[in-house]
Amino acid sequence: MMKRSAFLKNTRGTGLLFGVLAVLLALAFTTLVLLLAKAPPLEAYRNILVGSLGSWGKISDVVVAWIPLLLATAGLLVTFTAGLWNIGVEGQIMIGAIFTTGVLRMLQDTGTPTGIVIVAGFLCGMIGGALWAALAGALKIYGGVNEIFSGLGLNFVATAVTLYLIFGPWKRPGVGSMSGTVPFPQDLWMPMVAGTRFSPWALVVGLVGIAVIFVLLQGTYFGLKLKAVGKNPRAAFVIGIPTARYTMAAFMICGIFAGLAGGVQVMAVYHRLIPSISSGYGFLGLMVAMLVNFQAAWAAPVAFFFAALNIGSIQLPIVLKLDSTLSGVLQGALVLSVILVDGLRRRWMRKGTGDRHG
Amino acid sequence: MDVELRNIHKSFGAVHANNGISMVVPEGTIQGILGENGAGKSTLMKILSGFIQCDSGEIVLGDRVVKIETPADAIRHGVGMLHQDPLDFPPMTVLDNFLIGHESGGIIPDRRTALKDFRQLSEEFGFSIDHEAYVDTLTVGERQQLEILRLLWLGARVLIMDEPTTGISALQKEKLFATLRKLAAQGMTVLFVSHKLEEVEELCSCILVMSKGKLVGTACPPYVTDDLVRMMFGKVVALDERVQTRRSNCVLRLEGLAIEDNRLNIQNVNLEINAGEVIGLAGMEGSGQRQFLRTLSGLMRPVGGKIVLLGENLTGKNYRSFVNAGISYVPAARLEEGLIPGLTLAEHFALLDRQQEFFINRERTEKTTREQIGHFFIKGTTESRIEELSGGNQQRALLALMREELKVVLVEHPTRGLDIESAIWIWSKLKERCKQGTSIVFISSDLEEILQYSDRVLVFFGGKVSEPIDAATTGVDQLGQLIGGKGW
Amino acid sequence: MDSAVLLTGLALVLATAAPVIFATVGETFSERAGVTNLSVNGTILLTAMSGFAAAYTTGSLLLGFLAGALIGALVAGIVAFASITLKQSQVAVGFVLTLMCRDLAYFLGNPFMGESGPRVPSMPIPLLSDIPVLGPLFFSQTPTVYASYLLIILGFLWIFKTRPGLMLQGVGERPAAAYVRGANVNRLRYFYTMLGGAMVGLAGPMYSLSEKAGWKGTLSGLDGIGWIALAITIFGGWNPLRAALGAYLFALLQWLGVALQPLMPNVPSQVLQVAPFPLMILTLLLVNLGNAEWVDRTLAGMPANTRRLVTKVLRSARTSPPASLGVPFENE
């Protein structure tokens, strides 16, 4: 294993160089894909830029997408620290959203003050996410089922539950539709800046969330033990750390944050339950966490960038007749080229020092 | 075929593992290569067998300079190596292991010919291995025999044996030596690598001594042991005096302990371990001593019997209860089970801090780490990652990380892979613990170490456990016989 | 249900299992060599799209399948390069690729959405298809289904009966031991990863040119199948025969879900559609339970007879991966 810190000390310049190289590689690949689709690359990139940062309205849309993505990423940093691939985060967002919707439906006609309803909504969302994550955790700890598979399976189940609720018990009067459940009355929405979908309160939740995770992982014994479990579960156990408990805790903390993200989606963005309530932010959060090499400090800016790509590509189908999944291609290419370039750099370092053991 | 190495150099990072080594080994001889752990013997042999490549130097076989870049090249030139831990495929059958890599037959392996040759070779050397058995059911000695047969079948004319006597029984060792003598008589060139003086003296027609990556001397019979020791270590190393501890009150009591896993079945072990006592567990690898130690540590649960620590019945409790009760387990696989690669020394000490608040107390951690680094002479800083330390320093770190006030310390191979001075130092630290009343139970495959440091010894053989033997009145030969299954 | 319906249904099961078999056997080869290619799900989507696009544009089915195999091998090649040469995490690379390939498929497949293209025709085998029951069941299928039968048998024979296959087992089990037996470990790993990737890449066109002909973007219903294939690889214990059994069971359950739906009007269709996924989890639970530590501890506390019986049951269900799966090989 190569010493990352030593490398940074020695050659910060080359590190930057490789970073730029990775971005160029990703851009080159995406451009190639665009040419293959017979689309004008520059025009497409310009559209993404204008579509995301071209006006205050657009920027506020990016922030709206940034918040749940940031929350999901924050949770995933915990599971990654514990050495877990919590692919089930998508499902955890959905179940969180379902729990939030459920409690809002229960309270909406009772005259409960808005503040209390919203707090209850977040709490239940957190509980829902944590429970769904605990399922993957239990399967891993007590059944030896790899969390990638259980998480994936549970994602599909969560989608099915969402659809079932939208078309079944919670369907709109008359017939259920893909547009989701009946929207909540406006007094149950999180307070928003007029004329936008941006809620400052949601932003506070997101920023506090990532800050809490940063402190938890960097400064506490809990975070250190989690790191030990992630790097070597066998030794961590022998040393006396209750690894099962820590693994479960990591899953549930991630679930709590995913549930929060689900709550934000319901109470601050869509104001109802829709089939694609998670908006893919779980998977996107996995990519962000990978891209920042599981370091909490960088999560916020990178998540913002990814959110901007998502929002910017929304109008591609209308303007250029391109599918909006271009943002996914670009994000994937970015993560992939960072992994590849990082590998090349390490290989180059090994060759350079002749030190094969690192 | 004569083997000649000319000016071989090999470095791993800053470590010069082979520094200008030249040697000639004539055909039909058994050449001993002696040196302590880390002297560079294995590296040199791996270069000759193509497992790794040298930075510079030449290999001459017969009268031709050859290029050996892979094991495949080496085999083609007739060089075969038996690695310290036999490199075979445990979940596959003996016959499959025998024929994988052999070029005979088309796409379908010619099992009939392979079996015929296998039987013929087995007969010639008096080995009896069931060709249908799975390799993971064989003893280390049998796996070696299989490897020897395989290399012979591939047409090896130079045979390299790397520490072949580790983990095999006395009986198998005799057989191995007979086999090697016979092969040499048939014209095989044998390179026998070992750190055990008596073995090379007994077997080899000439001895080369290596130390710190260099060739430091040669010796021919009759051997003078003191000279060899001086060449190996640069000086004569005196072992500690045997210190017999007083036997006093019982700390750990085992009553009718029974252990079972998918291979072994250990029945009815009764033992009382006293405060400050050292118990050595001897036996070939896989005889049950590891399972026994892991059961005492709480990692495995016994299927019957009781484990009682100072009157408290720990049977069936989880590992953490054992840890909290004052039992500490020090595994042999340091980087796999004992330490956490990627974390620094300071982080290790923080992990084991007894008074943890919510936030990490960096000052206290820093202070403890400094103190312990000084106390245990660990070559490294508080910010050194554990995997950057040498094996000896990792072992020191493991000991430094052990809590104070322990009742029982369970150690697997406390000095494996360490140079002799580190080994002596490690034991002095362990003995300090004993003086404070801590009992030690340890596994070692080094009989000298067992007899040197234990008060009593338990011998394991195929899941059977001997009555405790008094180490003071027992000799290496006697112990060796028991380990090999004689005299039960 | 009368016997004719049953027969048609079972024939359909064999047909729908065919692509899954290709993906699973492909992954089995890759993992036998020690490389987990987690990109299967994305690869199937991407190759389904590109196979369809190639066949649609050129009118040649063969080119469609060729495109699929090539792209599958290419994606696997990236996994191999990143993990073998660059020693990066196989899981990370595979996962990113699985997401990226999916998005690529949807992005590049946009112009082909809903078009109708060529389709592999059914080709009953003369004589064999006339055998009662067995004929219509096995031998009145498309060539791709026949290919899946062949792949099971050849895959099994290759891994367990041939010399290169034994070496393949060795490479995944203990690469150092394979190396001293003359194998070029990393080259073999590249080869089998890309070969496996090509097989996975054939699964895509088998859907888009045969089983679920056409490209319908996110509505193609292919998202998730790759993950099932990965789970079946584990269930199959890295043995093509047992893996095929898993694939057939999966297809059977899928068909039963559809066939039995009219009998259960109260169960919403979404529930039956996702039924394979909880089943996948349960199956993995079954094959992994014997590896869990608490099971060992609990067993140790049981009376001897119960313990031996339970151990036996667990062990017969358990599968264990090649010992060096996911571990990079370095010869020093």
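The values are calculated or read from the model by the stated rules, or taken from the named source; none is laboratory data. The model shown is predicted, which means the values in this text are computed figures rather than measured ones. Note that we place each Cβ from the backbone using ideal geometry, even for glycine, and neighbour counts take in every protein chain shown.
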Within region C:224-244, count every residue that is over 8 Å from the mean Cα position of the chain (by Cα) and among the polar types (S, T, N, Q).
1
The strands (runs of 3 or more DSSP E) lying entirely within region B:397-488 that contain at least 2 residues which are farther than 22 Å from residue B:333 by Cα are B:456-461
Residue in region B:182-197 that is modelled with the lowest pLDDT, counting only those that are among the hydrophobic types (A, V, I, L, M, F, W, C) and out of contact with any Lys or Arg (no Cβ under 7 Å at 6 or more places or on another chain):
B:197
For residues that are on the phi < 0 side of the Ramachandran plot, of a type outside the set (Gly, Ala, Ser) and assigned to a loop (DSSP other than H, G, I, E, B), scanning just region C:55-98, find the one that is nearest to the chain's Cα centre (by Cα).
C:88
Please verify whether residue C:310 is surrounded by 14 or more Cβ atoms within 10 Å (Cβ to Cβ), in a helix (DSSP H, G or I) and either of a type in the set (Lys, Arg) or within 11 Å of chain A (Cβ to nearest Cβ) (or both), treating the condition exactly as stated.
no
Exactly one of B:47, B:108 is within 11 Å of chain C (Cβ to nearest Cβ) and surrounded by fewer than 14 Cβ atoms within 10 Å (Cβ to Cβ), and that residue is B:108
So if I check each of B:280, B:316, B:276, which one is assigned to a loop (DSSP other than H, G, I, E, B), of a type outside the set (Asp, Glu) and more than 14 Å from chain C (Cβ to nearest Cβ)?
B:276
Within region B:74-103, residues being at the interface with another protein chain (Cβ under 9 Å from one of its Cβ atoms), free of Cβ contacts under 8 Å to residues at least 40 places away in the same chain and more than 30 Å from residue B:44 (Cβ to Cβ) number 1
Hey, residue A:257 in contact (Cβ under 8 Å) with a residue 40 or more places away in the chain, within 14 Å of another protein chain (Cβ to nearest Cβ) and of a type in the set (Phe, Trp, Tyr) or not
no
Of all residues in region B:1-18, which are surrounded by fewer than 20 Cβ atoms within 10 Å (Cβ to Cβ) and within 27 Å of residue B:424 (Cα to Cα)?
B:12, B:14, B:15, B:16
State whether one or more residues within region A:167-184 are under 30 Å from residue C:288 (Cα atoms), touching a helix residue (DSSP H, G or I) at 6+ places or on another chain (Cβ under 7 Å) and among the hydroxyl-bearing types (Ser, Thr, Tyr).
no
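Listed here are the residues, each with its yes/no results for (1) in a loop (DSSP other than H, G, I, E, B); (2) facing chain B (nearest Cβ under 9 Å); (3) out of contact with any strand residue (DSSP E or B) (no Cβ under 7 Å at 6 or more places or on another chain); (4) free of Cβ contacts under 8 Å to residues at least 60 places away in the same chain.
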{"residue": "C:149", "(1), (2), (3), (4)": "no, no, yes, yes"}
{"residue": "C:166", "(1), (2), (3), (4)": "no, yes, yes, yes"}
{"residue": "C:178", "(1), (2), (3), (4)": "no, yes, yes, yes"}
{"residue": "C:182", "(1), (2), (3), (4)": "yes, yes, yes, yes"}
{"residue": "C:199", "(1), (2), (3), (4)": "no, no, yes, no"}
{"residue": "C:210", "(1), (2), (3), (4)": "no, no, yes, no"}
What is the number of the single condition among (1) under 18 Å from residue C:22 (Cα atoms); (2) at the interface with another protein chain (Cβ under 10 Å from one of its Cβ atoms) that residue C:82 does not meet?
(1)
Filter region B:73-114 down to residues that are among the polar types (S, T, N, Q) and either closer than 15 Å to residue C:179 by Cα or assigned to a loop (DSSP other than H, G, I, E, B) (or both), then give me how many there are.
3
Residue A:220 is checked against (1) over 26 Å from residue B:352 (Cα atoms); (2) touching a strand residue (DSSP E or B) at 6+ places or on another chain (Cβ under 6 Å) and fails just one. What number does that condition carry?
(1)
Step by step: first the residues of region B:70-96, then only those that are within 28 Å of the chain's Cα centre (by Cα) and of a type in the set (Asp, Glu), then the one that is surrounded by the most Cβ atoms within 10 Å (Cβ to Cβ). Which residue is that?
B:88
Does residue A:96 fit the bill of being touching a residue at least 12 places away in the same chain (Cβ under 8 Å) and surrounded by 24 or more Cβ atoms within 10 Å (Cβ to Cβ)?
yes
Tell me which residues, restricted to region B:330-363, are out of contact with any Gly (no Cβ under 8 Å at 6 or more places or on another chain), surrounded by 18 or more Cβ atoms within 10 Å (Cβ to Cβ), in contact (Cβ under 8 Å) with a residue 24 or more places away in the chain and at the interface with chain A (Cβ under 7 Å from one of its Cβ atoms).
B:338, B:339, B:340, B:343
Some residue of region C:254-267 being at negative phi, hydrophobic (A, V, I, L, M, F, W, C) and crowded, with 16+ Cβ neighbours inside 10 Å
yes
Which residues, taken from region C:105-134, are within 14 Å of chain A (Cβ to nearest Cβ) and touching a residue at least 60 places away in the same chain (Cβ under 8 Å)?
C:105, C:106, C:109, C:110, C:112, C:113, C:114
Please go through region B:1-57 and give me each residue that is part of a loop (DSSP other than H, G, I, E, B), under 23 Å from the mean Cα position of the chain (by Cα) and over 18 Å from residue B:67 (Cα atoms), ordered by number.
B:35, B:36, B:37, B:38, B:39, B:40
Filter region B:128-151 down to residues that are touching a residue at least 40 places away in the same chain (Cβ under 8 Å) and assigned to a loop (DSSP other than H, G, I, E, B) and give me whichever is farthest from residue B:84 (Cα to Cα).
B:133
Just one of B:432, B:388, B:404 is of a type in the set (Asp, Glu) and within 10 Å of chain A (Cβ to nearest Cβ); which is it?
B:388
Give the residues of region B:298-308 that are away from chain C (no Cβ under 11 Å) and buried (at least 22 other Cβ atoms within 10 Å of the Cβ), sorted by residue number.
B:307
Criterion (of a type in the set (S, T, N, Q), away from chain C (no Cβ under 11 Å) and crowded, with 17+ Cβ neighbours inside 10 Å) met by exactly one of B:172, B:120:
B:172
Please name all residue pairs, on different chains or six or more residues apart, with Cβ atoms under 7 Å, provided the first residue is in region B:438-461 and is farther than 17 Å from residue B:486 by Cα and the second residue is among the aromatic types (Phe, Trp, Tyr) and modelled with pLDDT of 90 or more.
B:453/B:427
Run residue C:170 past the list (1) part of a helix (DSSP H, G or I); (2) modelled with pLDDT of 90 or more; (3) away from chain B (no Cβ under 14 Å) and report the number of the one that doesn't hold.
(3)
Could you list, in sequence order, all residues of region A:22-49 that are under 17 Å from residue A:339 (Cβ atoms) and either within 13 Å of chain C (Cβ to nearest Cβ) or under 25 Å from the mean Cα position of the chain (by Cα) (or both)?
A:22, A:23, A:24, A:25, A:26, A:27, A:29, A:30
